[in-house]
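Where a number appears in this text, it was derived from the coordinates with a stated rule and is not lab data. Just so it is clear, the structure is predicted and the values come from calculations on it, not from any experiment. Note that each Cβ is placed from the backbone with ideal geometry, even for glycine, and that neighbours are counted across all protein chains shown.
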Amino acid sequence: MTQRPDESGAGSPAPIAVRAAVTRRARQPLTSRTVLAVATLLGLTAATYVVPGLERLRLFTPVVKSGASTPVAVQEPNLVEGEATIGQETHARPELAQPEVVKIPTKATGPIAKASRDKLPPIDVEKPPVPIEDPSGKALDGFYRALAQAALKQPGAIARVAHYGDSIVTSDYVSGTLRRKLQKQFGDAGHGYMLMANAWPAYFHNDVTRFASKGWKVSRIVGPLTPDGLYGLGGVSFRAPPGSRARFGTAKRGTFGRNVSRFEISYLKQPGGGKLRLLLDKQEHSVLDTDSPTTEVAVEVVKVPDGAHELEIVTIKGYSRVFGVVMERDSSGVVLDALGIQGARVRFLDKIDDAHYAEQLKWRRPNLVIFQFGANESGDGFAYSMADYNRTLKAVLEQTRKALPDAGCLVLGAMDRAEKKAGSLRTMAVIPAIVKEQKAAAKDTGCAFFNTYRAMGGPGSMAAWVSRGLGQADLTHPTGSGSEVIGSWIFRALMAGYDQYNSGAATK
């Protein structure tokens, strides 16, 4: 029988630890029907690597039919210990960048558009269809307080945002729009955290320049896993042989990301660690020795005069273990770390060692932590029960709140996802169930909640979004225009709360 959410809460299992077990055993042989389904899915996935324009759809998500009479156990992909090798260089991809001015379609377009191309009702990106829900009335106070200080241009007043998410955030969709809008209003205090190299082909960041040589070895919370649970802030650990390179620089065009005051390199000190040569603006700067009698996460800060700069990291001896690089400025404003993890469910954050996760959050000191997951959970269908989903989501939120008691916390509800049934496109049955549990978990942990599903229009909305060019043909992800709409809604909803916060502060 398909498992459904436990409405009463009676008999709920005890809370679980936020450190999951590592799979070390071989998987069970697949049935012939499953083999065919997987083969079909892999074929569709392969198409995203060869068809121009589909780069951002590179995501493997097993789909479990919600109507199955006997759900099977969820097979988490690649959750074994080890490393993968990045076979492609990381390059700046200006063709993937979100334009600073995005045109929202006014006519039906795309593969399921109406033949008549009827004019569509406009979408108001300045007024969100739904507000942020905050039963506690104070879930975002820490963020609003930091914004108020940044608005006053107080020295060092930086409002930091840590935006965790799945494939949407991996490509800096939604997160990129939110970063730009916050920085336009409160000031550009730097781009934030980036992985050392592209842990996935679709990994991308707006408003920076990046390069990395191929050959970097990666362990990721979506697999393969590292046995010690140390993944840095972004859920990915990197190692590289001598001669490997990674570069991070300010944007060469556009309004945002044109200046930096410091680079921060997050890495691991450990016995037998290698050496890294640092080059600043193509000139020798220093050598970073990661060898240490003890194992500990460390940060190397490279300060520069505020302006356009480039930092290059070259491995010159042995294997060094590194996580990512931060770009920030000394001026007041907003920094948003886009922490996208392709293929992730929110529960995969429990692959990170608990103490390490808390340590990384405290290092970055975000004033707001955003969680934007749900697409991959919808691929699991009801095979992963809603009771377990609620429990594991709450565990992650509670751990984050414990590490950052003064920070704001915001859960973005899952987007609608459509599937074809009986010749028509319908919302997957699991989507409203996931949204329900996200809202409940946010309330129980003192986090705010934005109902993206309802904002889009609720049941059937993804089909309508695809029709008007706001949703992609996979019936799951937004287009660039759709991402702009969602990011704008979230920004406006946050600003409405910020205005209320300031009004309340003024009356005290």
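Being within 17 Å of VAL304 (Cα to Cα) and over 21 Å from the mean Cα position of the chain (by Cα) is the filter here; which residues of the range 252-273 pass it?
ARG258, ASN259, VAL260, SER261, ARG262, PHE263, listed by residue number.
Within the range 190-229, can you find the residues that are in a loop (DSSP other than H, G, I, E, B), more than 17 Å from LEU311 (Cα to Cα) and either touching a His at 6+ places or on another chain (Cβ under 8 Å) or small (Gly, Ala, Ser) (or both)?
Residues satisfying the conditions are ALA199, ALA202, GLY215, GLY223, GLY229.
Working only within the range 241-287, note down all residues that are surrounded by 14 or more Cβ atoms within 10 Å (Cβ to Cβ), among the hydrophobic types (A, V, I, L, M, F, W, C) and in a strand (DSSP E or B).
Listed by number, the residues that qualify are ALA246, PHE248, VAL260, PHE263, ILE265, LEU268, LEU276, LEU278, LEU279, LEU280.
Looking only at residues in the range 230-240 that are in a loop (DSSP other than H, G, I, E, B) and either touching a Phe, Trp or Tyr at 6+ places or on another chain (Cβ under 7 Å) or not small (Gly, Ala, Ser) (or both), which one is farthest from ASP306 (Cα to Cα)?
LEU230
Any chance the range 288-306 includes a residue that's part of a loop (DSSP other than H, G, I, E, B) and closer than 26 Å to PRO94 by Cβ?
No, the range 288-306 contains no residue that is part of a loop (DSSP other than H, G, I, E, B) and closer than 26 Å to PRO94 by Cβ.
For the range 154-178, how many residues are more than 27 Å from SER331 (Cβ to Cβ) and either among the β-branched types (Val, Ile, Thr) or surrounded by fewer than 24 Cβ atoms within 10 Å (Cβ to Cβ) (or both)?
The qualifying residues number 2.
Does the range 288-298 contain at least one residue that is within 22 Å of ALA251 (Cα to Cα) and more than 21 Å from the chain's Cα centre (by Cα)?
So in the range 288-298, the residues within 22 Å of ALA251 (Cα to Cα) come out as none.
No, the range 288-298 contains no residue that is within 22 Å of ALA251 (Cα to Cα) and more than 21 Å from the chain's Cα centre (by Cα).
Kindly indicate whether ARG454 is among the basic types (Lys, Arg), farther than 26 Å from TYR384 by Cβ, assigned to a helix (DSSP H, G or I) and over 17 Å from the mean Cα position of the chain (by Cα).
The answer is no for ARG454.
Looking at LEU361 and the list (1) touching a Phe, Trp or Tyr at 6+ places or on another chain (Cβ under 9 Å); (2) aliphatic (A, V, I, L, M); (3) closer than 20 Å to ASP166 by Cα, which single condition is not satisfied?
Every listed condition holds for LEU361 apart from (1).
Regarding the range 397-405, can at least one residue be identified that is touching a strand residue (DSSP E or B) at 6+ places or on another chain (Cβ under 9 Å), assigned to a helix (DSSP H, G or I) and surrounded by 20 or more Cβ atoms within 10 Å (Cβ to Cβ)?
yes
Which one of these does PRO201 not meet: (1) surrounded by fewer than 22 Cβ atoms within 10 Å (Cβ to Cβ); (2) touching a Gly at 6+ places or on another chain (Cβ under 9 Å)?
It is condition (2) that PRO201 fails.
Name, by its number, the condition in (1) over 23 Å from LEU393 (Cβ atoms); (2) in a helix (DSSP H, G or I); (3) without any contact (Cβ under 8 Å) to a residue 60 or more places away in the chain that does not hold for ALA463.
(3)
Here is a check on your reading of the model: is GLY446 surrounded by fewer than 24 Cβ atoms within 10 Å (Cβ to Cβ), small (Gly, Ala, Ser), touching a residue at least 12 places away in the same chain (Cβ under 8 Å) and closer than 28 Å to TYR193 by Cα?
Working: surrounded by fewer than 24 Cβ atoms within 10 Å (Cβ to Cβ): yes; small (Gly, Ala, Ser): yes; touching a residue at least 12 places away in the same chain (Cβ under 8 Å): yes; closer than 28 Å to TYR193 by Cα: yes.
In short, yes.
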